[in-house]
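Everything on this sheet refers to the single structure shown next.
The values are calculated or read from the model by the stated rules, or taken from the named source; none is laboratory data. Not measured: the values here are computed from a predicted model. Reconstructed Cβ throughout: ideal geometry from the backbone, glycine too, with neighbour counts over all protein chains shown. For accessibility, only protein heavy atoms count, side chains too; no ligands or nucleic acids. Shrake-Rupley method; radii C 1.70, N 1.55, O 1.52, S 1.80 Å.
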Amino acid sequence: FLGAGKPPMYGDYEAQRHWQEVTYNLPIRQWYFNTSDNNLMYWGLDYPPLTAYHSLMCAYIAKLINPDWIALHTSRGYESQPHKLFMRTTVFVADLLVYVPAVILYCFSLKETSTKKKASVCALCILLYPGLILIDHGHFQYPLSLGFALWAVLCLSYDWDLLGSLAFCLALNYKQMELYHSLPFFCYLLGKCFKKGLKGKGLVLLTKIAGTVVLSFAVCWLPFCTDMEQIMQVLRRLVPIDRGLFEACMFSSPPPCCKFANIWCSLSVLIKIKNVVTPQTQLKFSFAVTFLSLLPTCIKLTVQPSLRAFKFALVSCALSFFLFSFQVHEKSILLVSLPVCLIINEIPFMATWFLLVSTFRDGLLLPYTVTSLAFLSVCVASFSIFEKTSAEDLQLKLFFLSFRRYVSWVKSFPKIVKNLFLLSVTLMAVLSLMSATVNPPQRLPDLFPLSVSLVSCLHFILFLVYFNVVILWDSKNSRSFQKKI
């Protein structure tokens, strides 16, 4: 685990253990407040109530096995093989109960996977995605928010809009980062209500959805609704504005800069943004850029709601949030990767490419290599990705038709894409190998992590452009335009 055995914080594993300690030993009114028994500077709770309730449930089980695991104060930094087995078991159970069933049911519900074999292969590719192992499990995170979000998508695909709204509310109340997916859910459901007519069935549906959302949040937040100060303190913990645009890597020594592929972290190599702009201005500017980057997608989805456009919008909006929003963490890339996994059957080449880039990182050479090669091998064997690089396969046919007078290399496009993919994979492999085997210059100790960050950021910007083009030139929603062509 990242930070394991390294005082004073001991890493994300200790965070999960400490939350069990806090929720079990302290009354609810103290969970999010700084007290003598709850030092918020030492892994204070900064996730929504469902995370706290889940920690409390695990704590009750831990107490039955070994009370020392969650003893107040004295359990700080506790690490042992039995406890690691217990914590890993809790993650495995969460996977089996929420995330894995959602993946399997989703793949078997797809119209494109007409046979059980195709559905099984699609599920295998998603479950083998290296990011969940290297990033989520590496940071010792529970996949419940991703699982609930996937259940929400699954429900909406069956037109179970109220159940889908409930599932997404659970995801949002487990991790606030699910806000990355909130606008596509909102725009899709609102567009659906508009389509039904806001003076008839659409108004009824909108009222039911609104009621479901309000009731879900009320139940989740009920213990914290005793007074306004409780609510405000929880919100302050969930939205840490005072931390600035981004944070340094906690486990770097010294921590010179943030080392992941957000646009602000990449720009900080050239411009020390934190030294030039105040935190309030950083917040406003990042909000404006994020909003503008996802606005076209949200408008298109509201005006022309479809399940296919909804899934692509989940990718585009989450990627915009990851690149441009405030206080992004490296594990937030999983919020982009999950919806990319959902469309791997539609654009297998680009989805596979993106998922490989999303797990590109310095360090962890052996697990990174093994998991990435296994994932790539399954995708190549299952989807024949190198045979699906034409403009039509990549959902770019209408885009090229729109600019056919100005684009002379459309015929050679598949070859260009394949070469770019091979160049990309080669570059990632070389940088990964060098970061593990070559000592950087003394003047540039962070040369390889920053190179990984910059290369990944460039990839993500290009992917953002690509997904927006696919959404805005959606062939299935642009038949009249196609007839004109």
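Among the residues of segment 1-55, none is identified as among the basic types (Lys, Arg) and without any contact (Cβ under 8 Å) to a residue 40 or more places away in the chain.
Restricting attention to segment 324-335, and to residues there that are more than 12 Å from the chain's Cα centre (by Cα) and either surrounded by 24 or more Cβ atoms within 10 Å (Cβ to Cβ) or over 16 Å from LEU454 (Cα atoms) (or both), which single residue is modelled with the lowest pLDDT? Among those that are more than 12 Å from the chain's Cα centre (by Cα) and either surrounded by 24 or more Cβ atoms within 10 Å (Cβ to Cβ) or over 16 Å from LEU454 (Cα atoms) (or both), it is GLN327. Which of the residues that make up segment 322-355 are under 21 Å from VAL153 (Cα atoms) and of a type in the set (Asp, Glu)? Of everything in segment 322-355, just one residue is under 21 Å from VAL153 (Cα atoms) and of a type in the set (Asp, Glu), namely GLU346.
Return the total of residues in segment 4-54 being part of a loop (DSSP other than H, G, I, E, B) and either more than 18 Å from GLN141 (Cβ to Cβ) or open to solvent by 10 Å² or more (accessible area, probe 1.4 Å) (or both). Count: 24. Applying the selection to segment 102-126, what residues are surrounded by fewer than 18 Cβ atoms within 10 Å (Cβ to Cβ) and farther than 20 Å from LEU307 by Cβ? Passing the criteria: THR115, LYS116, LYS117, SER120, LEU124. Considering (1) more than 26 Å from the chain's Cα centre (by Cα); (2) more than 30 Å from ASP227 (Cβ to Cβ), the lone condition that PHE92 does not fulfil carries the number (1).
For THR302, the conditions (1) assigned to a helix (DSSP H, G or I); (2) under 20 Å from the mean Cα position of the chain (by Cα); (3) surrounded by fewer than 24 Cβ atoms within 10 Å (Cβ to Cβ) are fulfilled apart from (2). The condition (being farther than 25 Å from GLN176 by Cα, without any contact (Cβ under 8 Å) to a residue 24 or more places away in the chain, open to solvent by 60 Å² or more (accessible area, probe 1.4 Å) and within 27 Å of the chain's Cα centre (by Cα)) is satisfied by just one residue among LEU64, LEU85: LEU85. Taking segment 188-212 as the range and being open to solvent by 50 Å² or more (accessible area, probe 1.4 Å) and touching a residue at least 24 places away in the same chain (Cβ under 8 Å) as the test, the residues that pass are PHE194, LYS195, LYS208.
Note on segment 308-323: residues that are within 26 Å of LEU422 (Cβ to Cβ) and over 11 Å from the mean Cα position of the chain (by Cα) total 3. Among the residues of segment 353-390, those that are free of Cβ contacts under 8 Å to residues at least 60 places away in the same chain and open to solvent by less than 20 Å² (accessible area, probe 1.4 Å) comprise ILE385, THR389.
Does TYR99 fit the bill of being assigned to a helix (DSSP H, G or I), over 17 Å from the mean Cα position of the chain (by Cα) and surrounded by 14 or more Cβ atoms within 10 Å (Cβ to Cβ)? No. When segment 339-351 is filtered for residues that are open to solvent by less than 10 Å² (accessible area, probe 1.4 Å) and in contact (Cβ under 8 Å) with a residue 40 or more places away in the chain, the ones remaining, listed by number, are PRO339, CYS341, LEU342, ILE344, ILE347, PRO348, PHE349.
Restricting attention to segment 31-44, the residues that are over 24 Å from the mean Cα position of the chain (by Cα) and within 14 Å of HIS73 (Cβ to Cβ) total 6. Scan segment 308-321 and tell me whether some residue there is open to solvent by 30 Å² or more (accessible area, probe 1.4 Å), over 22 Å from ILE461 (Cβ atoms) and touching a Leu at 6+ places or on another chain (Cβ under 8 Å). No, segment 308-321 has no match at all. Name the single residue that is nearest to ALA52 (Cα to Cα) among those in segment 220-232 being surrounded by fewer than 13 Cβ atoms within 10 Å (Cβ to Cβ) and aliphatic (A, V, I, L, M). This residue is LEU222. Determine whether LEU72 is more than 25 Å from the chain's Cα centre (by Cα), surrounded by fewer than 16 Cβ atoms within 10 Å (Cβ to Cβ) and touching a residue at least 24 places away in the same chain (Cβ under 8 Å). Judged against the criteria, LEU72 is a match. Among the residues making up segment 69-96, those that are touching a helix residue (DSSP H, G or I) at 6+ places or on another chain (Cβ under 7 Å) and in a helix (DSSP H, G or I) are TRP69, ILE70, HIS83, PHE86, MET87, THR90, ALA94. Condition test on LEU105, is it free of Cβ contacts under 8 Å to residues at least 24 places away in the same chain and not polar (S, T, N, Q)? So LEU105 does not fit the description; no. Of all residues in segment 305-333, none that is closer than 17 Å to LEU150 by Cα and outside the structural domain of LEU238 (by the TED database) has its Cβ atom under 8 Å from the Cβ atom of a residue that is assigned to a helix (DSSP H, G or I) and of a type outside the set (Asp, Glu), 6 or more apart or on another chain.
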